[in-house]
Amino acid sequence: MLSLEALPPGTPAQIAAVAGPPTFVERMKELGLVEGTVITVLRRSLFGGTLQIRCGNGTLAVRLPFATAICVEPVTQSRRLRESIWQAV
């Protein structure tokens, strides 16, 4: 398991945990960043202040201090295929 900050761009990962104060965890839930959600880092800002991520059909900008509080697990190719099949049903 690694933090969202350490995830290389283009690598899909599933959120394993969101740590922090209850208000932070609640705000992440409102944005759709909850355990089990598959996300992908699209790009990092020029000076490393934020990450642009894909979450579902949308994109979000996440500040690095927040990204370090989100733990993720990289998703394998076979797992992505299974999930895409289930979403199509």
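Of all the listed residues (46, 4), the sole one being surrounded by 17 or more Cβ atoms within 10 Å (Cβ to Cβ) and at pLDDT below 95 is 4. Filtering the range 21-51 to residues that are touching a residue at least 40 places away in the same chain (Cβ under 8 Å) and within 17 Å of residue 64 (Cβ to Cβ) leaves 24, 28, 51.
Checking the stated criteria, residue 72 turns out to be at pLDDT 90 or above and not in a helix (DSSP H, G or I).
The values are calculated or read from the model by the stated rules, or taken from the named source; none is laboratory data. Computed from a prediction, not measured in an experiment: that's the story for all the values here. Reconstructed Cβ throughout: ideal geometry from the backbone, glycine too, with neighbour counts over all protein chains shown.
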